[in-house]
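The values are calculated or read from the model by the stated rules, or taken from the named source; none is laboratory data. Not measured: the values here are computed from a predicted model. Every residue, glycine among them, receives a Cβ derived from its backbone with ideal geometry; neighbour counts consider all protein chains shown. To get the accessible areas, we keep the full protein, side chains included, count just its heavy atoms, and leave off ligands, DNA and RNA. Shrake-Rupley method; radii C 1.70, N 1.55, O 1.52, S 1.80 Å.
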Amino acid sequence: MTTRLADTFARCRAEGRAALVTYVMAGDPDPETSLQVLRALPEAGADIVEFGLPFTDPMADGPAIQAAGLRALKIGQTLAGTLELVRRFRAENAGTPVILMGYYNPIYTYGVARFLDDAKAAGIDGLIVVDLPPEEDDELCLPTLEAGLAFIRLATPTTDEARLPAVLANTSGFVYYVSITGITGTATPDFGVVGSAVERIRRHTDLPVVVGFGVKTGAHAAALARSADGVVVGSAIVDTLARSLDGEGKAGAGSVEAVTALVRELAAGVRAGRAG
């Protein structure tokens, strides 16, 4: 399995802080701007990048990420095109882990074996596929692990003690704890409740526990970083990029800087969290 994820969490632990995980949609608002954003995220303080796979029916995603996916699909972003963007990113950045996050349909259509070969060649470190439960591990999870990539599973506030072992059984890389019941970017988590949930999950696994959904500001990131091993921010970043676009949905001179300004704030929050 690729070591970039383990190395990144080890580095963050050595620095006494949580990792910042940032999500952006591949191809939003166009492939070249998407690549510029991808390249800029680590420089702004992101430790791990989740790259979204555009899909027509993103059941777990709120309005911001749904709109980003539609923008990407409108300009013709494909799974193959997404892997090509990661290849170009990897030519310049060998150290930052990249996780593909999305839904199974595009991967199934592409072909699982072909997809895993191409993803590994492109420099992908792992997958988050939100609509494949543990009962379907033969479909993608186990082949992903055999290919040497991480398969990251979601745990939620409704994942009880009876269900949690099944969720964690073949999870690798890290555990993604969804901090709210609902879709992305629509509510602010109860930070105290999240802290208790993280501790409960840690009793069942040695994997890092990363928290996402509903994190919008540096203050939110700092609050979650006090208990979690990592903090994921997606909708706020995607929405910031969307607000920078012109009336035709095209990126402007300030689009990348708008994103990196927010990521710098989030990175500062994560770094302050353990000290706070």
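Rolling a 1.4 angstrom probe over segment 4-273 with all protein chains present gives an accessible area of which 53% lies on carbon and sulfur atoms.
Under a Gaussian network description of the chain, with springs only between Cα atoms under 10 Å, the residue in 153, 114, 87 that fluctuates furthest is 114. Were the residues from residue 272 through residue 226 laid out at 0.36 nm apart, the gain over their Cα-Cα distance would be 15.7 nm. Per residue, the chain exposes 39 Å² of solvent-accessible protein surface, assessed with a 1.4 angstrom probe and all protein chains in place. Within the chain, helices built from complete DSSP H runs that reach 18 Å or longer along their own axis (Cα positions) and carry a mean Kyte-Doolittle hydropathy of -0.5 or higher are 31-44, 255-273. Computed from the C-beta positions of residue 257 and residue 162 and an R0 of 51 Å, the FRET efficiency is 0.60 to the nearest 0.05. Extension gain, residue 109 to residue 138, is 8.8 nm, computed as 0.36 nm per intervening residue step minus the present C-alpha separation. For residue 63, the shell of other residues with beta-carbons less than 15 Å away shows a net charge of -1, using +1 for Lys and Arg and -1 for Asp and Glu. Need one number: the % of Cα-Cα pairs in segment 33-121 sitting beyond the 20 Å mark. Of the Cα pairs, 36 percent sit more than 20 Å apart.
Estimated purely from DSSP H runs of n ≥ 4, each contributing -39500 (n - 2.57), the mean residue ellipticity at 222 nm for the chain is -13500 deg cm²/dmol once divided by its residues. Extension gain for the segment residue 117 to residue 14, taken as residue separation times 0.36 nm less the Cα-Cα distance, is 33.8 nm to one decimal. The residues packed around residue 99, meaning those with a beta-carbon under 11 Å from its beta-carbon, carry a net charge of -1 if Lys and Arg are +1 and Asp and Glu are -1. If Lys and Arg each add +1 and Asp and Glu each add -1, what is the summed charge of the other residues whose beta carbon sits under 13 Å from the beta carbon of residue 35? Once positives and negatives cancel, what remains is -1. Shape of segment 68-225 from the C-alpha gyration tensor: prolate (a/c of 1.5 or more and a/b above b/c, with a ≥ b ≥ c the square roots of its eigenvalues).
Placing dummy labels 7 Å off each Cα toward the beta-carbon, the span from residue 248 to residue 204 is 5.1 nm. Label separation (residue 169 vs residue 60): 1.9 nm, computed from points 7 Å beyond Cα along the C-beta direction.
For segment 4-273, the share of alpha carbon pairs falling in successive 5 Å distance bins from zero is 1, 6, 14, 19, 21, 19, 12, 6, 1, 0, 0 percent.
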